Structures are given as structure tokens and as C-alpha cells.
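Novice: This is the structure, below, for whatever I ask next.
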Amino acid sequence: MALSPLIVHDVAEQLLACVCAELTLTAAKVDGQPGCPCVACVVPGKPAWDNCTGDCSGAQTPGQLTVNLDRIYPTSAFPTETKDVIGSRNCLPVRQAADYVITLLRCAPTYTGNGCPPSCEEQAAAARILHVDAVSVINGVMCCFPQTGDARRGHQFLMGALRTLGPEGQCVGIEQRLTVALPFCGCTAGGES
């Protein structure tokens, strides 16, 4: 089935907007919780861990929020990848699914100038931010994202596991994977899309 040329990017932008909005809402509710990072964008491929500690311009929230496409695959029974042969005489009811990755990076406590490791208090504060971020990302995907789709019931998607990343360098964060059933518009006459 034919896809809209912009659907993959549009879904990535919708995911980014939903998660960023939820991070902002959470920051207003939870004292000391940073909001949506000043670097929040859709990226091509895996994100570079290059902006988790910068202050972006002084007054904005440091960190990095990215959404990237991992892969697209055919599915006859979402979310299972189909191994069916697609015929040359007709457009079978096979749709496409896309795997997306949401990555959120924050500052991680690091060694002092004297070579001392971070204190337990610094570690606990970073853990609290990470844990609240994890719930915020889940809430953004579960509560906002379904309503961004054009279908009557919104986007159909499968939530993957959320996992922690790092600490590595001066970054620590989370990664949320999800698979989205892409809406299709049908094939044109002659089976061409």
C-alpha cells in the first residue's frame, strides 16, 4: 500500500512534540525537574551524544531530546513483520510499520577537579531526574501521541522497553523504542504508488 511521502517524518515530529510537551508539564509540577531540553529535534540515524551538558544560551534547559527512525518493514498483522511474497498483479493488504527511538540525555554527575567521584547526594539527584524523565516520556507517548494520528482511533503503536543509557562521558539518559503502524492511502490504478 502506498504511503504519504512525509508520513515517516511527520510521525517522528509528532513523537518529539508530545514528549517535549510532557517534559515541560512535568517540570512545572515537580520541583527541580528540568523541562524539555533546548536541543530537541528529529535526527537522521542514531543521535550523537554531543549536547547533554551545554547550557544552549544560558536561560534554557540543558540536555538533548531526539527522535530517530530505526527501520521500516512490511506487516500484514501489526506488529509482526511479514514474510509474505507481495504479488505483481495487485496491491495486497500489507501495510508498513516503522520503528522509532526516542532518546533523552541529561547531565551526569562526574568527577571533581580533584579527582573525587560524585557524592551519593549528586547521584541520587541525577537518578531522580532520570526516573521522572522516564515516566514523562512514557506519559508523552501514551497520553498525547495516539491523538496525533488521522485515524478514527489515532495512531496504532507498540510500546517497546524503556532503558537507561550511561552514564557515559558527562551524559546519562533514557531510550524509548516504539513501533508505529503507518497509515496508508492505497495504491493508484495499475498498482503503482
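The values are calculated or read from the model by the stated rules, or taken from the named source; none is laboratory data. Keep in mind the model is a prediction, meaning the values are calculated, not measured. Backbone-built Cβ (ideal geometry, glycine too); neighbour counts: all protein chains shown. Accessible surface is based on the protein model in full, side chains and every heavy atom, while ligands, DNA and RNA are left aside. Shrake-Rupley method; radii C 1.70, N 1.55, O 1.52, S 1.80 Å.
Novice: Cβ-Cβ under 8 Å, sequence separation 6+ or interchain: first residue in segment 10-39 and under 15 Å from Arg128 (Cβ atoms), partner basic (Lys, Arg) and open to solvent by less than 30 Å² (accessible area, probe 1.4 Å). Which pairs?
Specialist: Close Cβ pairs satisfying both conditions: Pro34/Arg106.
Novice: Out of all the residues in segment 17-38, which are within 29 Å of Arg95 (Cα to Cα) and open to solvent by less than 20 Å² (accessible area, probe 1.4 Å)?
Specialist: Selection gives Cys18, Val19.
Novice: Among the residues of segment 47-68, are any out of contact with any Gly (no Cβ under 6 Å at 6 or more places or on another chain), modelled with pLDDT of 90 or more, surrounded by fewer than 17 Cβ atoms within 10 Å (Cβ to Cβ) and not basic (Lys, Arg)?
Specialist: Scanning segment 47-68 turns up no residue that is out of contact with any Gly (no Cβ under 6 Å at 6 or more places or on another chain), modelled with pLDDT of 90 or more, surrounded by fewer than 17 Cβ atoms within 10 Å (Cβ to Cβ) and not basic (Lys, Arg).
Novice: Please name all residue pairs, on different chains or six or more residues apart, with Cβ atoms under 7 Å, provided the first residue is in segment 138-150 and is of a type in the set (Gly, Ala, Ser) and the second residue is crowded, with 19+ Cβ neighbours inside 10 Å.
Specialist: Gly140/Cys18; Gly140/Val19; Gly140/Glu22; Gly149/His155
Novice: Here's something else I'd like to know. Looking at segment 158-193 only, could you name the residues that are open to solvent by 50 Å² or more (accessible area, probe 1.4 Å) and at pLDDT 90 or above?
Specialist: Leu158, Met159, Ala161, Leu162, Arg163, Thr164, Arg177
Novice: Follow-up. Can you tell me which residue among Tyr73, Tyr111 is among the aromatic types (Phe, Trp, Tyr), free of Cβ contacts under 8 Å to residues at least 24 places away in the same chain and either surrounded by fewer than 18 Cβ atoms within 10 Å (Cβ to Cβ) or part of a helix (DSSP H, G or I) (or both)?
Specialist: Residue meeting the stated conditions: Tyr111.
Novice: State whether the residues of segment 116-123 include one that is hydrophobic (A, V, I, L, M, F, W, C), in a loop (DSSP other than H, G, I, E, B), more than 30 Å from Ala181 (Cβ to Cβ) and modelled with pLDDT under 95.
Specialist: Yes, segment 116-123 contains at least one residue that is hydrophobic (A, V, I, L, M, F, W, C), in a loop (DSSP other than H, G, I, E, B), more than 30 Å from Ala181 (Cβ to Cβ) and modelled with pLDDT under 95.
Novice: Any residue at all in segment 130-147 that's surrounded by 16 or more Cβ atoms within 10 Å (Cβ to Cβ), farther than 21 Å from Pro34 by Cβ and β-branched (Val, Ile, Thr)?
Specialist: No, segment 130-147 contains no residue that is surrounded by 16 or more Cβ atoms within 10 Å (Cβ to Cβ), farther than 21 Å from Pro34 by Cβ and β-branched (Val, Ile, Thr).
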